Amino acid sequence: MRQTLVAGNWKLNGSLASVKELLAGIKAGLAEVTNAEVAVCPPYIFIPEAQAQLAGSPIAWGGQNLSAETDGAFTGEVAASMLRDFDCKYVLVGHSERRTLYGEDNALVAKKFAVARKAGLIPVLCVGETLDERQQGITENVVGGQLAAVIDQEGVAALGNAVVAYEPVWAIGTGMTASPEQAQAVHAFIRAQVALHDAAIADGLRILYGGSMKPGNAVELMAQADIDGGLIGGAALKADDFLSICKAAN
Ligand code: PEP
């Protein structure tokens, strides 16, 4: 039985004051969520605040990105070991905004995935197609390629302690959500691809859906057989909305 996970990706949002308020709001409302795991990924600089407020609570925290390097002359980068120093459990790897805005290709994403695991973080590997790719009918080639880049380099066993997030790029921050059937089809494809290598790992792999998941569509999306939770952007910035999604996952 896969444990549902709802993770908030706060992106480049918030101030120290608003982050304190958001963390307190989530913490206060979480008592009703007993079956789903919950995590938040604040901007790096607010991770110590998340640690201070969430340590000892059931809520985990993580990074939105990490360096592919472990140390050295890489100005502005943050290493996996540094995230671990602040007790991060998860780290997003290959979010579509990193891929499209910062040129992260499959090889770099695979390297980050490896570095994260080596440091003891659980990578959340983000995959997904653009609208153009969907319209061309190549969604499976794109998503399959993003997944294969990691499996080929790290071996399928690496997915035994990782999470995959299917995030159609056209649904991220746009208000357009994949229908439950569209999302389920890609989730089932991802699981089947992993099963070609190892059926047990495929069966245990948590695959989250991301892309304009909101309180109004979370129940239907998470009712799908291969959707094991959500990676939430915009709706993770309001404690009430995020908590409603967590309850839907419960
Ligand atoms: C995301 O950035 O991972 C995301 C899913 O964003 P949103 O929920 O705003 O579409």
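The values are calculated or read from the model by the stated rules, or taken from the named source; none is laboratory data. Quick caveat: nothing in here was measured; it's all calculated off a predicted structure. A quick note on method: Cβ atoms are made from the backbone with ideal geometry, for glycine too, and the neighbour counts reach across all protein chains shown. Areas reflect the complete protein model, heavy atoms only, side chains present, ligands, DNA and RNA absent. Shrake-Rupley method; radii C 1.70, N 1.55, O 1.52, S 1.80 Å.
Descriptive notes on the structure:
- Kirkwood hydrodynamic radius over Cα pairs of the range 90-222, then Stokes diffusion coefficient at 4 °C and 1.567 mPa s, in µm²/s: 87 µm²/s
- Phi to ³J(HN,Hα) by Karplus 6.51 cos²θ - 1.76 cosθ + 1.60 over the range 93-99, Hz, x for Gly, Pro: 10, x, 4, 4, 5, 5, 5
- Of all accessible heavy-atom area on the range 1-128, the percent that carbon and sulfur account for (1.4 Å): 55 percent
- In the chain, helices alone account for a calculated mean residue ellipticity at 222 nm of -12500 deg cm²/dmol, with every DSSP H run of four or more residues adding -39,500 (n - 2.57).
- Average Cα contact separation per residue, the range 1-160, under 8 Å, 6 or more apart, as relative contact order %: 17 percent
- Ala188/Asp132 FRET efficiency (R0 25 Å; Cβ-Cβ; nearest 0.05): 0.65
- Highest average first, the peptides 169-180, 15-26 ordered by how many other beta carbon atoms sit within 10 Å of their residues are 169-180, 15-26.
- With the highest mean first, a sort of the peptides 28-34, 69-75 on other beta-carbon atoms found within 10 angstrom per residue produces 28-34, 69-75.
- Accessible area expressed per residue, the chain, with surrounding protein chains retained (probe 1.4 Å, Å²): 43 Å²
- Once the Cα-Cα distance is subtracted from the 0.36 nm per residue extended length, the Ala55 to Leu12 segment shows a gain of 13.2 nm.
- For a label point 7 Å along the Cα-to-beta-carbon line of Asn250, residues of the range 1-15 with backbone N under 20 Å: 2-8
- Antiparallel DSSP beta bridges within the range 123-218, percent to nearest 5: 0 percent
- Members of Lys11/Lys112; Lys27/Lys111; Lys27/Lys118; Lys20/Lys89; Lys27/Lys112 lying beyond 28 Å, as alpha-carbon distances in this model show: Lys27/Lys111; Lys27/Lys118; Lys27/Lys112
- Of the listed residues Ile45, Ile232, the order by accessible area with a 1.4 Å probe, largest first, is Ile45, Ile232.
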